[in-house]
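First up is the structure itself, then whatever we jot down about it.
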Amino acid sequence: MNKKSILRVGLIQQANNCDIANNRSRLCEKMRRLASDGAQLIVNQELHDSLYFCQTESTDMCDLAVAIPSDVTETYSALAAELGVVIVTSLFERRAPGLYHNTAVVFESDGSVAGMYRKMHIPDDPAYYEKFYFTPGDLGFEPIDTSVGRLGVLVCWDQWYPEAARLMALRGAEILIYPTAIGWESTDTAEEKERQREAWTVVQRGHAVANGLPLVAVNRVGHEPDPSGATNGIQFWGSSFVAGPQGELLFRAPDSEETVAIVDIDMHRSEQVRRWWPFLRDRRIDAYRGLDRRYLV
């Protein structure tokens with residue numbers, strides 16, 4: 001394996017609490033540890049500074065949103081520059097009064113903002129009332145150029161949509177990255193819980209295979225109560241993982257523990273895999289009319 005082709009990716013699977021300063025401090029400490037161990041790119045989970053506030057619909061939760069730029073982004077900017085690493089963050093963005101996004105901000109190793117991605121697919125399910133808070137993204141599926149490669153950054157619910165991964169790949173993304181917050185509902189059976197977690201893993205491994213790209217998914221972990229008491233809260237299932245361009249699992253975290261890890265990804269492997277399996281070459285782009293429609297019957 002050519003050492004020059006290796007990207008050392010650090011990931012942080014963290015259990016959060018209601019103390020934002022504490023969550024952020026623990027993240028920064030873990031990022032320092034990862035950088036000291038050689039990480040070049042560090043990926044954080046979705047909405048990593050706070051509890052997952054979308055379990056209920058409350059306008060008070062909008063106070064958690066931060067401007068971009070702000071003192072919060074400056075914290076991560078300064079850390080990226082201090083450590084000399086590229087950092088993928090996930091923030092609740094206050095764009096204007098009453099206008100908010102679920103936004104991934106990527107910081108270059110010199111502290112500058114390499115780019116942003118606003119979550120495009122917004123769920124609205126029990127305990128995941130994201131449509132109440134987040135305006136759908138308007139930046140499109142555009143990879144972000146960094147010193148460690150062209151990053152196809154998407155967010156959580158985007159994981160279920162092959163179209164999003166494909167468009168990132170067609171625009172030259174070299175790796176797919178998904179900050180995530182997903183977990184179990186307590187009343188589901190053990191069998192149903194495992195089906196859900198495996199479906200989440202398999203669909204993303206499929207994106208890696210179909211596009212011949214490595215993929216990094218970083219999920220939060222631990223139990224977070226429902227403030228309304230309407231449900232028993234969410235048990236976030238962790239299981240953060242890294243897959244290679246044939247869908248091979250390079251790393252998978254536990255489903256119930258905080259995890260900090262570095263995974264080495266051979267970024268030149270995609271070239272060989274795409275030669276063996278030239279899916280982009282064989283696409284029937286003349287026959288896909290209708291993919292821009294909701295339903296065809």
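Return the residues of region 2-23 that are buried (at least 17 other Cβ atoms within 10 Å of the Cβ) and either in a helix (DSSP H, G or I) or basic (Lys, Arg) (or both); say none if nothing qualifies.
Of everything in region 2-23, those that are buried (at least 17 other Cβ atoms within 10 Å of the Cβ) and either in a helix (DSSP H, G or I) or basic (Lys, Arg) (or both) turn out to be Arg8, Asn23.
For region 130-153: of the residues being over 17 Å from the mean Cα position of the chain (by Cα) and of a type in the set (D, E, K, R), which is nearest to Ala35 (Cα to Cα)?
Applying the filter and picking the extreme gives Asp138.
If you check Val209, Val203, Val218, which single one turns out to be closer than 21 Å to Glu163 by Cα, surrounded by fewer than 16 Cβ atoms within 10 Å (Cβ to Cβ) and among the β-branched types (Val, Ile, Thr)?
Val203
For residues that are open to solvent by 10 Å² or more (accessible area, probe 1.4 Å), part of a loop (DSSP other than H, G, I, E, B) and not aliphatic (A, V, I, L, M), tally how many sit in region 221-241.
Looking only at that region, the number is 7.
Suppose the filter is basic (Lys, Arg), open to solvent by less than 70 Å² (accessible area, probe 1.4 Å), under 30 Å from Asp60 (Cβ atoms) and out of contact with any helix residue (DSSP H, G or I) (no Cβ under 8 Å at 6 or more places or on another chain); does Arg283 pass it?
Judged against the criteria, Arg283 is not a match.
Criterion first (outside any strand (DSSP E or B), open to solvent by 40 Å² or more (accessible area, probe 1.4 Å) and at negative phi) does Asp264 satisfy it? Before the answer, list the steps.
On the way: outside any strand (DSSP E or B): no; open to solvent by 40 Å² or more (accessible area, probe 1.4 Å): yes; at negative phi: yes.
So Asp264 fails the test.
What are the pairs with Cβ atoms under 6 angstrom where one residue, in region 35-47, is in a loop (DSSP other than H, G, I, E, B) and the other, located anywhere, is open to solvent by 10 Å² or more (accessible area, probe 1.4 Å) and of a type in the set (D, E, K, R)? Sequence gap at least six, or different chains.
Every condition considered, the pairs that remain are Gly38/Arg8; Ala39/Arg8; Gln40/Arg8.
Looking only at region 207-258, count every residue that is over 27 Å from Gln55 (Cα atoms) and under 15 Å from the mean Cα position of the chain (by Cα) and tell me the total.
The number of residues fulfilling the criteria is 6.
Within the set of pairs 6 or more residues apart or between chains, which connect a residue that is at pLDDT 95 or above inside region 127-141 to a residue that is open to solvent by 70 Å² or more (accessible area, probe 1.4 Å) and aromatic (Phe, Trp, Tyr) with Cβ atoms less than 6 Å apart?
none
The values are calculated or read from the model by the stated rules, or taken from the named source; none is laboratory data. These numbers come from a predicted model, not from an experiment. Cβ coordinates were reconstructed from backbone atoms using ideal geometry, including for glycine residues, and neighbour counts include every protein chain displayed. Quick note on the areas: whole protein, heavy atoms, side chains included, nothing else; ligands and nucleic acids left out. Shrake-Rupley method; radii C 1.70, N 1.55, O 1.52, S 1.80 Å.
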